[in-house]
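The values are calculated or read from the model by the stated rules, or taken from the named source; none is laboratory data. Not measured: the values here are computed from a predicted model. Glycine gets a Cβ as well: all are built from the backbone with ideal geometry, and neighbour counts include every protein chain shown.
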Amino acid sequence: MDVTLLDALSPDPIALPLIAALSRTGRPRVHHRLRAERFATCQGCFECWIAHPGLCKVRDATNDVLKDAVASSEVVWALRPRFGCWDASSKQALDKFLGLLHPFFEPVDGETHHKARYDQNPRLGVVAVVDEEVSEADRARFLCVVARNALNLHQPAPWVAFVAPDATADELADTIAAARATTLRAFPTLPPFSPPPGVGVLALEGARPRRALLLVGSAKARGTSTSEAIGQALLERLAAFGWDTATAHLAELVKLGRADVQELQELLESVDLCILATPVYVDCLPALVLAALDRLGAAEVWERRPVLLPIVQCGFPELSHTVLALEVLAAAAEARGLSWGGHLACGAGPALEGRSLAEPNGPATHVVHGLDLAAAALDRGEPVPVEATAEFGTSTMPDWLYRTMGNVGWVARAWQHGAAFSLGERTLAPS
Ligand SMILES: Cc1cc2nc3c(=O)[nH]c(=O)nc-3n(C[C@H](O)[C@H](O)[C@H](O)COP(=O)(O)O)c2cc1C
(Lines give C-alpha, C1' and ligand atoms only; values in the text may rest on other atoms or scores of the structure.)
Protein backbone atom coordinates (compact mmCIF):
# COMPACT_ATOMS: atom_id res chain seq x y z
CA MET A 1 0.00 0.00 0.00
CA ASP A 2 1.26 3.43 -0.92
CA VAL A 3 0.85 5.49 2.26
CA THR A 4 1.68 9.12 3.06
CA LEU A 5 2.01 9.62 6.80
CA LEU A 6 1.13 13.09 8.07
CA ASP A 7 2.44 13.00 11.59
CA ALA A 8 1.39 15.72 14.03
CA LEU A 9 2.77 13.72 17.00
CA SER A 10 6.58 13.72 16.50
CA PRO A 11 8.72 14.62 18.44
CA ASP A 12 6.36 13.13 21.06
CA PRO A 13 7.77 9.61 21.78
CA ILE A 14 4.31 8.09 21.09
CA ALA A 15 5.14 8.57 17.39
CA LEU A 16 7.90 5.92 17.50
CA PRO A 17 5.78 2.80 18.14
CA LEU A 18 3.22 4.21 15.72
CA ILE A 19 5.77 4.44 12.92
CA ALA A 20 6.91 0.90 13.77
CA ALA A 21 3.29 -0.31 13.68
CA LEU A 22 2.56 1.33 10.34
CA SER A 23 5.76 -0.15 8.86
CA ARG A 24 4.40 -3.65 9.44
CA THR A 25 1.83 -3.10 6.73
CA GLY A 26 4.39 -1.56 4.39
CA ARG A 27 6.58 1.39 5.35
CA PRO A 28 4.89 4.71 4.54
CA ARG A 29 6.30 5.99 1.24
CA VAL A 30 6.55 9.49 2.68
CA HIS A 31 6.58 10.70 6.27
CA HIS A 32 5.88 14.39 6.93
CA ARG A 33 6.54 15.57 10.47
CA LEU A 34 4.00 18.37 10.52
CA ARG A 35 5.28 20.10 13.64
CA ALA A 36 8.75 20.43 12.12
CA GLU A 37 7.61 21.61 8.69
CA ARG A 38 6.29 25.09 7.96
CA PHE A 39 2.64 25.56 7.08
CA ALA A 40 1.61 29.18 6.79
CA THR A 41 -1.93 29.83 8.00
CA CYS A 42 -4.43 29.65 5.14
CA GLN A 43 -5.31 33.24 4.24
CA GLY A 44 -8.57 32.27 2.55
CA CYS A 45 -7.51 33.95 -0.72
CA PHE A 46 -8.75 31.03 -2.92
CA GLU A 47 -5.80 31.62 -5.27
CA CYS A 48 -5.26 27.83 -5.24
CA TRP A 49 -8.50 27.75 -7.26
CA ILE A 50 -8.60 30.94 -9.27
CA ALA A 51 -5.00 32.04 -9.88
CA HIS A 52 -2.76 28.93 -10.01
CA PRO A 53 -5.28 26.08 -9.77
CA GLY A 54 -4.22 23.24 -7.49
CA LEU A 55 -1.24 25.03 -5.92
CA CYS A 56 -0.85 27.19 -2.80
CA LYS A 57 1.00 30.44 -3.51
CA VAL A 58 2.94 30.25 -0.25
CA ARG A 59 6.37 28.62 -0.27
CA ASP A 60 5.70 26.30 2.64
CA ALA A 61 5.26 22.52 2.86
CA THR A 62 1.72 22.55 1.40
CA ASN A 63 2.42 21.75 -2.24
CA ASP A 64 4.83 18.92 -1.33
CA VAL A 65 2.24 17.39 0.99
CA LEU A 66 -0.50 17.72 -1.60
CA LYS A 67 1.71 16.15 -4.25
CA ASP A 68 2.44 13.19 -1.98
CA ALA A 69 -1.24 12.83 -1.09
CA VAL A 70 -2.26 12.77 -4.75
CA ALA A 71 0.33 10.06 -5.48
CA SER A 72 -0.78 7.85 -2.55
CA SER A 73 -3.51 5.30 -2.14
CA GLU A 74 -3.92 6.28 1.51
CA VAL A 75 -3.12 9.30 3.68
CA VAL A 76 -2.74 8.48 7.37
CA TRP A 77 -2.81 11.31 9.87
CA ALA A 78 -1.47 10.84 13.40
CA LEU A 79 -2.58 13.34 16.02
CA ARG A 80 -4.11 14.03 19.41
CA PRO A 81 -7.66 15.34 18.85
CA ARG A 82 -8.73 18.45 20.80
CA PHE A 83 -12.33 19.16 21.75
CA GLY A 84 -13.41 16.36 19.41
CA CYS A 85 -11.63 17.96 16.44
CA TRP A 86 -8.22 17.97 14.79
CA ASP A 87 -5.43 19.53 16.83
CA ALA A 88 -4.18 22.90 15.58
CA SER A 89 -1.00 21.52 13.89
CA SER A 90 -2.78 18.89 11.82
CA LYS A 91 -5.68 21.26 11.05
CA GLN A 92 -3.18 23.85 9.83
CA ALA A 93 -2.09 21.31 7.20
CA LEU A 94 -5.63 20.06 6.50
CA ASP A 95 -6.93 23.60 5.92
CA LYS A 96 -4.49 23.76 3.01
CA PHE A 97 -5.96 20.70 1.25
CA LEU A 98 -8.31 22.98 -0.67
CA GLY A 99 -6.12 22.65 -3.77
CA LEU A 100 -7.23 19.00 -4.09
CA LEU A 101 -10.72 20.26 -4.88
CA HIS A 102 -12.23 21.94 -7.92
CA PRO A 103 -13.95 25.23 -7.04
CA PHE A 104 -17.25 24.30 -8.71
CA PHE A 105 -20.13 23.53 -6.37
CA GLU A 106 -22.19 20.38 -6.86
CA PRO A 107 -25.07 18.88 -4.87
CA VAL A 108 -24.33 15.67 -2.93
CA ASP A 109 -27.18 13.97 -1.03
CA GLY A 110 -29.06 17.24 -0.67
CA GLU A 111 -26.03 19.28 0.44
CA THR A 112 -23.54 21.41 -1.45
CA HIS A 113 -19.91 20.29 -1.82
CA HIS A 114 -17.10 20.93 -4.29
CA LYS A 115 -16.20 18.78 -7.26
CA ALA A 116 -13.00 16.74 -6.99
CA ARG A 117 -9.96 18.01 -8.91
CA TYR A 118 -8.39 14.57 -9.32
CA ASP A 119 -9.95 11.31 -10.56
CA GLN A 120 -8.21 9.25 -7.88
CA ASN A 121 -8.15 10.43 -4.27
CA PRO A 122 -6.37 8.71 -1.39
CA ARG A 123 -8.24 6.86 1.34
CA LEU A 124 -8.38 8.89 4.58
CA GLY A 125 -7.14 7.27 7.80
CA VAL A 126 -6.52 8.82 11.21
CA VAL A 127 -4.65 7.42 14.19
CA ALA A 128 -6.03 9.44 17.10
CA VAL A 129 -4.19 9.31 20.42
CA VAL A 130 -6.70 9.69 23.25
CA ASP A 131 -6.35 9.28 26.99
CA GLU A 132 -9.14 8.36 29.41
CA GLU A 133 -10.00 12.06 29.89
CA VAL A 134 -11.28 12.29 26.32
CA SER A 135 -15.06 11.90 26.65
CA GLU A 136 -17.31 9.65 24.59
CA ALA A 137 -18.95 12.78 23.19
CA ASP A 138 -15.58 14.10 21.97
CA ARG A 139 -14.74 10.74 20.37
CA ALA A 140 -18.11 10.60 18.64
CA ARG A 141 -17.67 14.17 17.38
CA PHE A 142 -14.22 13.37 16.04
CA LEU A 143 -15.59 10.40 14.07
CA CYS A 144 -18.21 12.70 12.60
CA VAL A 145 -15.60 15.36 11.74
CA VAL A 146 -13.43 12.83 9.90
CA ALA A 147 -16.41 11.31 8.06
CA ARG A 148 -17.47 14.80 6.98
CA ASN A 149 -13.90 15.65 5.89
CA ALA A 150 -13.78 12.49 3.77
CA LEU A 151 -17.06 13.44 2.12
CA ASN A 152 -15.93 17.01 1.49
CA LEU A 153 -12.47 16.04 0.21
CA HIS A 154 -13.61 13.03 -1.86
CA GLN A 155 -11.36 10.72 0.16
CA PRO A 156 -13.08 7.33 0.26
CA ALA A 157 -13.73 4.79 3.04
CA PRO A 158 -12.42 6.84 5.99
CA TRP A 159 -11.25 5.07 9.13
CA VAL A 160 -10.22 6.21 12.61
CA ALA A 161 -8.15 4.19 15.09
CA PHE A 162 -8.37 5.51 18.67
CA VAL A 163 -5.21 4.48 20.51
CA ALA A 164 -3.96 4.97 24.07
CA PRO A 165 -0.87 7.17 24.66
CA ASP A 166 1.02 4.19 26.10
CA ALA A 167 0.05 1.68 23.39
CA THR A 168 2.80 -0.66 22.23
CA ALA A 169 3.69 -1.13 18.57
CA ASP A 170 1.87 -4.50 18.60
CA GLU A 171 -1.29 -3.00 20.08
CA LEU A 172 -1.14 -0.11 17.64
CA ALA A 173 -0.72 -2.46 14.67
CA ASP A 174 -3.77 -4.50 15.76
CA THR A 175 -5.94 -1.43 16.35
CA ILE A 176 -4.96 0.12 13.01
CA ALA A 177 -5.58 -3.15 11.14
CA ALA A 178 -9.04 -3.42 12.73
CA ALA A 179 -9.87 0.22 11.91
CA ARG A 180 -8.66 -0.19 8.32
CA ALA A 181 -10.98 -3.14 7.89
CA THR A 182 -13.95 -0.86 8.59
CA THR A 183 -15.37 2.36 7.18
CA LEU A 184 -16.79 5.17 9.27
CA ARG A 185 -20.52 5.74 9.35
CA ALA A 186 -21.48 8.40 6.82
CA PHE A 187 -22.99 11.68 7.99
CA PRO A 188 -24.43 13.10 4.76
CA THR A 189 -25.97 15.98 6.69
CA LEU A 190 -26.18 17.06 10.31
CA PRO A 191 -29.15 18.04 12.49
CA PRO A 192 -29.30 21.66 13.71
CA PHE A 193 -26.92 22.64 16.50
CA SER A 194 -28.16 22.96 20.06
CA PRO A 195 -25.77 23.69 22.91
CA PRO A 196 -25.10 20.67 25.14
CA PRO A 197 -26.58 20.74 28.64
CA GLY A 198 -23.12 21.14 30.22
CA VAL A 199 -22.71 24.62 28.72
CA GLY A 200 -24.35 27.28 30.86
CA VAL A 201 -26.26 29.93 28.92
CA LEU A 202 -25.68 32.88 31.20
CA ALA A 203 -27.13 36.35 31.23
CA LEU A 204 -24.77 39.33 31.29
CA GLU A 205 -24.51 40.98 34.66
CA GLY A 206 -22.56 43.80 36.27
CA ALA A 207 -22.07 47.49 35.86
CA ARG A 208 -22.52 49.54 32.69
CA PRO A 209 -21.05 50.41 30.30
CA ARG A 210 -20.68 46.77 29.30
CA ARG A 211 -17.64 45.80 27.29
CA ALA A 212 -17.63 43.63 24.18
CA LEU A 213 -14.62 42.29 22.31
CA LEU A 214 -14.87 41.09 18.72
CA LEU A 215 -12.36 38.33 18.02
CA VAL A 216 -11.94 37.72 14.30
CA GLY A 217 -11.06 34.10 13.45
CA SER A 218 -10.49 34.66 9.73
CA ALA A 219 -6.85 35.19 8.73
CA LYS A 220 -7.80 37.53 5.87
CA ALA A 221 -6.33 41.05 6.00
CA ARG A 222 -7.97 43.48 8.40
CA GLY A 223 -11.29 44.81 7.14
CA THR A 224 -11.70 42.24 4.35
CA SER A 225 -13.34 39.17 5.89
CA THR A 226 -17.04 38.37 6.11
CA SER A 227 -16.47 37.27 9.72
CA GLU A 228 -15.17 40.71 10.62
CA ALA A 229 -17.96 42.50 8.74
CA ILE A 230 -20.68 40.58 10.60
CA GLY A 231 -18.95 40.87 13.98
CA GLN A 232 -18.40 44.58 13.40
CA ALA A 233 -22.08 45.04 12.54
CA LEU A 234 -23.03 43.52 15.92
CA LEU A 235 -20.44 45.66 17.73
CA GLU A 236 -21.86 48.80 16.11
CA ARG A 237 -25.33 47.92 17.38
CA LEU A 238 -23.98 47.35 20.90
CA ALA A 239 -22.02 50.64 20.73
CA ALA A 240 -25.30 52.39 19.85
CA PHE A 241 -26.65 51.04 23.18
CA GLY A 242 -23.67 52.64 24.94
CA TRP A 243 -21.33 49.62 25.15
CA ASP A 244 -17.54 49.94 25.00
CA THR A 245 -16.29 47.88 22.08
CA ALA A 246 -12.96 46.66 20.69
CA THR A 247 -11.78 44.36 17.89
CA ALA A 248 -8.84 41.95 17.79
CA HIS A 249 -7.61 39.51 15.14
CA LEU A 250 -6.52 36.01 16.10
CA ALA A 251 -4.01 36.08 13.23
CA GLU A 252 -2.14 38.77 15.19
CA LEU A 253 -2.55 37.23 18.66
CA VAL A 254 -1.90 33.53 18.05
CA LYS A 255 1.33 32.23 16.57
CA LEU A 256 1.25 28.54 15.77
CA GLY A 257 4.79 27.80 16.92
CA ARG A 258 4.27 29.59 20.26
CA ALA A 259 2.15 28.26 23.08
CA ASP A 260 1.78 31.65 24.78
CA VAL A 261 -1.55 33.48 24.36
CA GLN A 262 -1.14 35.78 27.37
CA GLU A 263 -2.28 38.88 25.49
CA LEU A 264 -5.41 37.12 24.26
CA GLN A 265 -6.18 35.79 27.73
CA GLU A 266 -5.82 39.29 29.24
CA LEU A 267 -8.03 40.81 26.57
CA LEU A 268 -10.73 38.25 27.28
CA GLU A 269 -10.50 38.81 31.03
CA SER A 270 -11.11 42.52 30.49
CA VAL A 271 -14.54 42.20 28.79
CA ASP A 272 -18.08 41.06 29.57
CA LEU A 273 -18.80 39.57 26.15
CA CYS A 274 -16.52 37.93 23.59
CA ILE A 275 -17.98 37.72 20.08
CA LEU A 276 -15.93 35.15 18.19
CA ALA A 277 -16.63 35.55 14.48
CA THR A 278 -15.18 32.81 12.33
CA PRO A 279 -15.55 31.06 8.99
CA VAL A 280 -15.83 27.29 8.59
CA TYR A 281 -12.67 25.71 7.18
CA VAL A 282 -12.80 22.08 6.02
CA ASP A 283 -15.99 21.26 7.95
CA CYS A 284 -14.93 22.78 11.23
CA LEU A 285 -12.99 25.67 12.80
CA PRO A 286 -9.87 27.11 11.13
CA ALA A 287 -6.55 26.05 12.69
CA LEU A 288 -6.08 29.54 14.10
CA VAL A 289 -9.26 29.33 16.19
CA LEU A 290 -8.42 25.80 17.35
CA ALA A 291 -4.96 26.99 18.44
CA ALA A 292 -6.50 29.84 20.44
CA LEU A 293 -9.02 27.56 22.17
CA ASP A 294 -6.31 25.04 22.91
CA ARG A 295 -3.99 27.52 24.55
CA LEU A 296 -6.42 29.51 26.67
CA GLY A 297 -6.16 28.75 30.36
CA ALA A 298 -8.17 26.03 32.08
CA ALA A 299 -11.36 27.16 33.85
CA GLU A 300 -9.67 27.68 37.25
CA VAL A 301 -6.94 30.10 36.10
CA TRP A 302 -9.27 32.78 34.73
CA GLU A 303 -9.49 35.94 36.83
CA ARG A 304 -12.71 36.91 35.12
CA ARG A 305 -14.52 35.02 32.38
CA PRO A 306 -16.46 36.62 29.55
CA VAL A 307 -19.62 35.23 28.02
CA LEU A 308 -18.83 33.64 24.64
CA LEU A 309 -21.01 34.39 21.62
CA PRO A 310 -19.88 32.60 18.46
CA ILE A 311 -20.80 33.83 14.99
CA VAL A 312 -20.06 31.08 12.46
CA GLN A 313 -20.58 31.43 8.71
CA CYS A 314 -19.59 29.20 5.85
CA GLY A 315 -19.25 29.11 2.07
CA PHE A 316 -21.84 26.44 1.30
CA PRO A 317 -25.47 27.55 1.42
CA GLU A 318 -26.67 25.01 4.00
CA LEU A 319 -26.58 25.76 7.72
CA SER A 320 -25.64 22.13 8.42
CA HIS A 321 -22.01 22.93 7.51
CA THR A 322 -21.69 25.15 10.60
CA VAL A 323 -22.80 22.51 13.11
CA LEU A 324 -19.44 20.88 13.85
CA ALA A 325 -17.68 24.22 14.36
CA LEU A 326 -20.38 25.20 16.87
CA GLU A 327 -20.14 21.85 18.65
CA VAL A 328 -16.37 22.21 19.01
CA LEU A 329 -16.81 25.77 20.32
CA ALA A 330 -19.37 24.55 22.85
CA ALA A 331 -17.00 21.77 23.99
CA ALA A 332 -14.14 24.28 24.31
CA ALA A 333 -16.37 26.73 26.20
CA GLU A 334 -17.28 23.98 28.64
CA ALA A 335 -13.62 23.01 29.10
CA ARG A 336 -12.60 26.64 29.67
CA GLY A 337 -15.53 27.39 31.96
CA LEU A 338 -16.91 30.07 29.62
CA SER A 339 -20.65 30.72 29.56
CA TRP A 340 -22.48 30.51 26.28
CA GLY A 341 -24.26 33.66 25.16
CA GLY A 342 -26.23 31.89 22.43
CA HIS A 343 -24.99 31.71 18.84
CA LEU A 344 -25.48 33.05 15.32
CA ALA A 345 -24.71 30.93 12.28
CA CYS A 346 -25.46 31.11 8.58
CA GLY A 347 -24.54 29.52 5.27
CA ALA A 348 -23.71 31.41 2.06
CA GLY A 349 -21.31 33.79 3.84
CA PRO A 350 -19.70 34.98 0.57
CA ALA A 351 -23.10 36.33 -0.57
CA LEU A 352 -22.68 38.99 2.15
CA GLU A 353 -19.35 40.25 0.80
CA GLY A 354 -19.41 43.99 0.19
CA ARG A 355 -22.99 44.37 1.52
CA SER A 356 -24.10 46.87 4.11
CA LEU A 357 -25.26 45.15 7.29
CA ALA A 358 -26.87 48.32 8.64
CA GLU A 359 -30.28 47.92 6.98
CA PRO A 360 -32.04 44.87 5.48
CA ASN A 361 -31.02 44.41 1.82
CA GLY A 362 -30.90 41.48 -0.62
CA PRO A 363 -29.04 38.42 0.74
CA ALA A 364 -28.27 40.32 3.97
CA THR A 365 -31.94 40.77 4.94
CA HIS A 366 -32.23 37.95 7.50
CA VAL A 367 -28.72 38.48 8.84
CA VAL A 368 -29.56 42.11 9.59
CA HIS A 369 -32.83 41.15 11.35
CA GLY A 370 -30.92 38.53 13.37
CA LEU A 371 -28.26 41.05 14.40
CA ASP A 372 -30.90 43.60 15.47
CA LEU A 373 -32.69 41.02 17.65
CA ALA A 374 -29.42 39.72 19.10
CA ALA A 375 -28.09 43.18 20.02
CA ALA A 376 -31.35 44.20 21.73
CA ALA A 377 -31.37 41.00 23.81
CA LEU A 378 -27.70 41.33 24.77
CA ASP A 379 -28.30 44.88 25.91
CA ARG A 380 -31.08 43.61 28.16
CA GLY A 381 -28.49 41.23 29.63
CA GLU A 382 -30.01 38.18 27.95
CA PRO A 383 -28.37 35.60 25.69
CA VAL A 384 -29.06 35.67 21.95
CA PRO A 385 -32.70 34.52 21.63
CA VAL A 386 -33.69 31.58 19.44
CA GLU A 387 -35.65 33.95 17.18
CA ALA A 388 -32.44 35.87 16.42
CA THR A 389 -30.55 32.65 15.71
CA ALA A 390 -33.34 31.39 13.44
CA GLU A 391 -33.60 34.71 11.58
CA PHE A 392 -29.83 35.01 11.12
CA GLY A 393 -29.62 31.47 9.72
CA THR A 394 -32.50 31.85 7.26
CA SER A 395 -31.36 31.55 3.69
CA THR A 396 -32.44 34.18 1.16
CA MET A 397 -32.06 32.18 -2.04
CA PRO A 398 -32.53 28.59 -3.19
CA ASP A 399 -29.38 26.48 -2.85
CA TRP A 400 -29.32 25.71 -6.60
CA LEU A 401 -29.28 29.43 -7.40
CA TYR A 402 -26.44 30.06 -4.95
CA ARG A 403 -24.44 27.19 -6.54
CA THR A 404 -25.06 28.49 -10.05
CA MET A 405 -24.13 32.07 -9.19
CA GLY A 406 -21.11 30.82 -7.23
CA ASN A 407 -19.82 28.78 -10.17
CA VAL A 408 -20.18 31.77 -12.49
CA GLY A 409 -18.33 33.81 -9.86
CA TRP A 410 -15.38 31.36 -9.78
CA VAL A 411 -14.99 31.59 -13.56
CA ALA A 412 -15.18 35.39 -13.44
CA ARG A 413 -12.56 35.58 -10.68
CA ALA A 414 -10.28 33.11 -12.49
CA TRP A 415 -10.68 35.15 -15.68
CA GLN A 416 -9.05 38.11 -13.93
CA HIS A 417 -6.03 35.91 -13.22
CA GLY A 418 -5.91 34.41 -16.71
CA ALA A 419 -6.89 31.02 -15.26
CA ALA A 420 -10.51 30.67 -16.45
CA PHE A 421 -9.62 27.79 -18.81
CA SER A 422 -7.44 25.92 -16.31
CA LEU A 423 -9.76 25.83 -13.29
CA GLY A 424 -9.72 22.03 -13.27
CA GLU A 425 -5.98 21.61 -13.97
CA ARG A 426 -4.59 18.40 -12.46
CA THR A 427 -1.43 20.21 -11.50
CA LEU A 428 0.03 17.63 -9.13
CA ALA A 429 -1.13 14.42 -10.81
CA PRO A 430 1.69 11.86 -10.99
CA SER A 431 3.04 11.68 -14.57
C1 LIG B 1 -9.40 26.66 3.51
C2 LIG B 1 -10.88 26.87 3.42
C3 LIG B 1 -11.73 25.84 3.72
C4 LIG B 1 -13.10 26.02 3.66
N5 LIG B 1 -13.92 24.98 3.99
C6 LIG B 1 -15.27 25.17 3.99
C7 LIG B 1 -16.13 24.09 4.35
O8 LIG B 1 -15.70 22.99 4.68
N9 LIG B 1 -17.47 24.32 4.31
C10 LIG B 1 -17.99 25.53 3.94
O11 LIG B 1 -19.21 25.67 3.92
N12 LIG B 1 -17.18 26.57 3.59
C13 LIG B 1 -15.84 26.40 3.62
N14 LIG B 1 -15.01 27.45 3.27
C15 LIG B 1 -15.61 28.73 2.83
C16 LIG B 1 -15.58 29.81 3.92
O17 LIG B 1 -16.19 29.37 5.11
C18 LIG B 1 -16.31 31.05 3.39
O19 LIG B 1 -15.71 31.49 2.20
C20 LIG B 1 -16.40 32.16 4.41
O21 LIG B 1 -17.39 33.09 3.99
C22 LIG B 1 -15.07 32.90 4.57
O23 LIG B 1 -15.20 33.83 5.62
P24 LIG B 1 -14.14 34.97 5.91
O25 LIG B 1 -14.29 35.99 4.81
O26 LIG B 1 -14.56 35.50 7.24
O27 LIG B 1 -12.78 34.36 5.93
C28 LIG B 1 -13.63 27.28 3.28
C29 LIG B 1 -12.78 28.31 2.94
C30 LIG B 1 -11.41 28.12 2.99
C31 LIG B 1 -10.49 29.25 2.62
Study note, to complete from the structure: Being outside any strand (DSSP E or B), of a type in the set (D, E, K, R) and over 17 Å from ALA8 (Cα atoms) narrows ASP119, ASP68 down to just ASP119
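Could you please find all residues in segment 319-347 being within 8 Å of the ligand (Cβ to nearest atom) and in contact with a helix residue (DSSP H, G or I) (Cβ under 8 Å, 6 or more places away or on another chain)?
Correct list: GLY347 only.
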Point to revise | Every pair of residues 6+ apart whose Cβ atoms lie under 9 Å, when the first sits in segment 217-228 and is under 17 Å from LEU293 (Cα atoms) and in the same structural domain as LEU250 (by TED's automatic domain parsing) while the second is hydrophobic (A, V, I, L, M, F, W, C) and within 6 Å of the ligand (Cβ to nearest atom) | key: ALA219/CYS42
Check your understanding: Are any residues in segment 178-201 at pLDDT below 95, more than 25 Å from HIS113 (Cα to Cα) and surrounded by fewer than 16 Cβ atoms within 10 Å (Cβ to Cβ), and if so, which ones?
Key -> PRO196, PRO197, GLY198, GLY200, VAL201
Exercise for review: Find the residue count for segment 278-318, including only residues that are within 19 Å of LEU256 (Cβ to Cβ) and within 16 Å of the ligand (Cβ to nearest atom).
Suggested key: 13
Exercise for review: Would you be able to say whether some residue in segment 310-320 is of a type in the set (Asp, Glu) and out of contact with any Leu (no Cβ under 8 Å at 6 or more places or on another chain)?
Suggested key: yes
Exercise for review: Evaluate segment 90-113: report whether one residue or more is of a type in the set (Ser, Thr, Tyr), under 16 Å from PRO286 (Cα atoms) and modelled with pLDDT of 95 or more.
Suggested key: yes
Point to revise | Subset of segment 143-154 (residues that are within 16 Å of the ligand (Cβ to nearest atom) and assigned to a helix (DSSP H, G or I)) | key: CYS144, VAL145, VAL146, ALA147, ARG148, ASN149, ALA150, LEU151, ASN152, LEU153
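In this structure, does ALA116 turn out to be within 21 Å of the chain's Cα centre (by Cα) and more than 20 Å from ARG27 (Cα to Cα)?
Numbers: within 21 Å of the chain's Cα centre (by Cα): yes; more than 20 Å from ARG27 (Cα to Cα): yes.
In short, yes.
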Practice item. Could you give me the residue pairs with C-beta distances under 7 Å whose first residue belongs to segment 4-29 and is free of Cβ contacts under 8 Å to residues at least 60 places away in the same chain, whose second residue is among the hydrophobic types (A, V, I, L, M, F, W, C) and surrounded by fewer than 18 Cβ atoms within 10 Å (Cβ to Cβ) wherever it lies, and which are 6+ apart or on separate chains? Key: GLY26/MET1
Practice item. Filter segment 16-43 down to residues that are surrounded by fewer than 20 Cβ atoms within 10 Å (Cβ to Cβ) and small (Gly, Ala, Ser) and give me whichever is nearest to VAL216 (Cα to Cα). Key: ALA40
Review point. From PHE39, PHE97, which residue is in the same structural domain as VAL127 (by TED's automatic domain parsing), assigned to a loop (DSSP other than H, G, I, E, B) and within 16 Å of the ligand (Cβ to nearest atom)?
Key: PHE39
Practice item. State which residue is surrounded by the most Cβ atoms within 10 Å (Cβ to Cβ) when the search covers only segment 343-399 and only residues that are over 23 Å from the mean Cα position of the chain (by Cα) and of a type in the set (S, T, N, Q). Key: THR396
**Study point:** ILE311 within 27 Å of PHE97 (Cβ to Cβ) and of a type in the set (Val, Ile, Thr)
**Key:** yes
**Study point:** Set VAL108, VAL58: member being hydrophobic (A, V, I, L, M, F, W, C), more than 12 Å from the ligand (Cβ to nearest atom) and touching a helix residue (DSSP H, G or I) at 6+ places or on another chain (Cβ under 8 Å)
**Key:** VAL108
Practice item. Could you check how many residues of segment 363-412 are at positive phi and at pLDDT 95 or above? Key: 0
Check your understanding: What are the residues in segment 146-165 that are under 14 Å from ARG80 (Cα atoms) and either hydrophobic (A, V, I, L, M, F, W, C) or surrounded by 23 or more Cβ atoms within 10 Å (Cβ to Cβ) (or both), if any?
Key -> VAL146, VAL160, ALA161, PHE162, VAL163, ALA164
Check your understanding: Which residue pairs have Cβ atoms under 6 Å apart, sit 6 or more places apart or on different chains, and have a first residue in segment 112-124 that is more than 19 Å from LEU143 (Cα to Cα) and away from the ligand (no atom under 14 Å from the Cβ) and a second that is among the basic types (Lys, Arg) and outside any strand (DSSP E or B)?
Key -> TYR118/ARG426
Check your understanding: Residues in segment 293-309: is at least one within 12 Å of the chain's Cα centre (by Cα) and of a type outside the set (A, V, I, L, M)?
Key -> no
Review point. Out of curiosity, is PRO398 within 15 Å of the ligand (Cβ to nearest atom) and closer than 30 Å to LYS115 by Cβ?
Key: no
**Study point:** Per-region count, segment 138-187, residues among the small types (Gly, Ala, Ser) and closer than 21 Å to MET1 by Cα
**Key:** 9
